[in-house]
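Everything below concerns the one structure shown next.
Values quoted throughout were computed directly from the atomic coordinates according to the rules given, and no laboratory measurement underlies them. What you are looking at is a predicted structure, and each value in this text was computed from that prediction instead of being measured. Reconstructed Cβ throughout: ideal geometry from the backbone, glycine too, with neighbour counts over all protein chains shown.
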Amino acid sequence: MTRESIASKGTRYLTEARLTVQYVSGDTVRATCRGSGDVYRCGHDPRRGWYCSCPATRDCAHLYALQSVTVRRAEATEISGKASRIPPDLIRGEEWACPQTVGSEP
């Protein structure tokens, strides 16, 4: 049996609605993600960079899931100009933007 990759596990966490983005402001993002058993705190802040409370010592599926739905404001502006999946109110005044729905049509 092959081990599930970080990318496929992170994508599965998104499709199973295991990620909850709780806070977005400036350069700070906070979320929780339910892993295989426990719920972990993950996010980004200017001092720590990307972080996760899980026991993984390197990249983890929880951060992969969060980074998959979190984009810098400049990227969000570019994306929203091409497709209207990111509401403009999430882009203005924020360094980070998180689309409210993942994988569903507006």
Check: Only one residue in D38, D45, D27 is touching a residue at least 40 places away in the same chain (Cβ under 8 Å) and acidic (D, E). Which one?
Finding: D27
Next item on the list: Please work out which one of (1) on the phi > 0 side of the Ramachandran plot; (2) over 14 Å from the mean Cα position of the chain (by Cα) is the condition R48 fails and give its number.
Entry: (1)
